[in-house]
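The values are calculated or read from the model by the stated rules, or taken from the named source; none is laboratory data. Here the structure is a predicted model, which means the values were calculated and not measured. Backbone-built Cβ (ideal geometry, glycine too); neighbour counts: all protein chains shown.
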Amino acid sequence: MKARAKSSNTPCPIWVQGDYITEPPIRPVDGAKRPAGHYIDKGGYPGANVYEISIETLCRDTGAVDCRKRGIFESDILLYETEQEIGYFIIQDTETAVDIINGEILEIKELQTQDIKVIGNMIDFPDFVEGIRHCVDTEREVPYLPALDVMETPYPFLKMTCIKCGHVTLGCRYTAKHKDCEGYFTADFATKIYRKGEQKEKAFA
């Protein structure tokens, strides 16, 4: 089964993608037998790229891809973007997605590949839905977030302002709530950015 999960045998957990297995091959270096468990085999030289994983982070491959031809997995967060609108989807399982803004459930195959992009995963950003739903429920503008971890992209750092206490912070990762006062953050950009299809520059700071 093709899947993605976070490693449990590395100094820092990393996302590993490949075949999910429970009976791993022997180690090619010393011929040692690995115990049965939960692993991702990335392929390549037999037994060389095998990672033990945290099973609670296992996300199955849906077989679909986004606009960058990047594979879409369970629990992925997708940005839907056209010149007229934006939206966000959560991949619920290998066949269905949920529109965070209006709650609509649809089949993954109904998504238009050219208009969707994987921007994160619910395992890394468990409060994402709560943050977006708070914007919807309080009739605030839903933020445009082309990435949830801007350190991995060419996009500028995020500027987040707490609605409750007014605290402003710059960060490289999206956060929904201010840990000090439990208020929700609004998310903008610390510098200027172009949105897809826009003809002129839009300043966020």
- Task: Specify the residue that is farthest from ALA64 (Cα to Cα); the eligible residues are those in the stretch 3-31 that are in contact with a His (Cβ under 9 Å, 6 or more places away or on another chain) and in a loop (DSSP other than H, G, I, E, B).
- Result: SER8
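Residue-by-condition table, conditions (1) in the same structural domain as GLY183 (by TED's automatic domain parsing); (2) in contact with a Cys (Cβ under 9 Å, 6 or more places away or on another chain):
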{"site": "VAL98", "(1), (2)": "no, no"}
{"site": "ASP115", "(1), (2)": "no, yes"}
{"site": "ILE132", "(1), (2)": "yes, no"}
{"site": "ARG140", "(1), (2)": "yes, no"}
{"site": "ASP149", "(1), (2)": "yes, yes"}
- Within the stretch 99-112, can you find the residues that are free of Cβ contacts under 8 Å to residues at least 24 places away in the same chain, among the aliphatic types (A, V, I, L, M) and closer than 12 Å to TYR80 by Cβ? LEU106
- Message: Being in a strand (DSSP E or B) and in contact (Cβ under 8 Å) with a residue 40 or more places away in the chain is true for just one of ARG68, ARG60. Which residue is that?
- Response: ARG60
- Task: Would you point out which residue out of ALA64, ALA97, ALA32, ALA3 is hydrophobic (A, V, I, L, M, F, W, C) and exposed (fewer than 14 other Cβ atoms within 10 Å of the Cβ)?
- Result: ALA32
- Query: Quick one: which of SER75, SER54 is under 20 Å from the mean Cα position of the chain (by Cα), within 30 Å of VAL136 (Cα to Cα) and surrounded by 13 or more Cβ atoms within 10 Å (Cβ to Cβ)?
  - Reply: SER75
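Results for (1) assigned to a helix (DSSP H, G or I); (2) farther than 19 Å from GLU81 by Cα, shown as yes or no for each residue.
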position	(1), (2)
ASP93	no, yes
GLN114	yes, no
CYS135	yes, no
PRO143	no, no
ALA147	no, no
LYS159	no, yes
GLY166	no, yes
- Item | From the options ASP66, ASP19, ASP61, residue that is among the charged types (D, E, K, R), at pLDDT 95 or above and closer than 20 Å to LEU145 by Cα | ASP66
- Tally time: how many residues in the stretch 151-169 are at pLDDT 90 or above and over 14 Å from GLY131 (Cβ atoms)? 6
- Message: With touching a residue at least 60 places away in the same chain (Cβ under 8 Å) and β-branched (Val, Ile, Thr) as the only criterion, which of ILE91, ILE86, ILE123, ILE119 stands out?
- Response: ILE123
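Quick grid of which residues meet (1) in contact with a Lys or Arg (Cβ under 9 Å, 6 or more places away or on another chain); (2) in a strand (DSSP E or B); (3) more than 23 Å from PRO126 (Cβ to Cβ):
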{"site": "GLY43", "(1), (2), (3)": "no, no, yes"}
{"site": "TYR51", "(1), (2), (3)": "yes, yes, no"}
{"site": "ILE77", "(1), (2), (3)": "no, yes, no"}
{"site": "TYR80", "(1), (2), (3)": "yes, yes, no"}
{"site": "GLY103", "(1), (2), (3)": "no, no, no"}
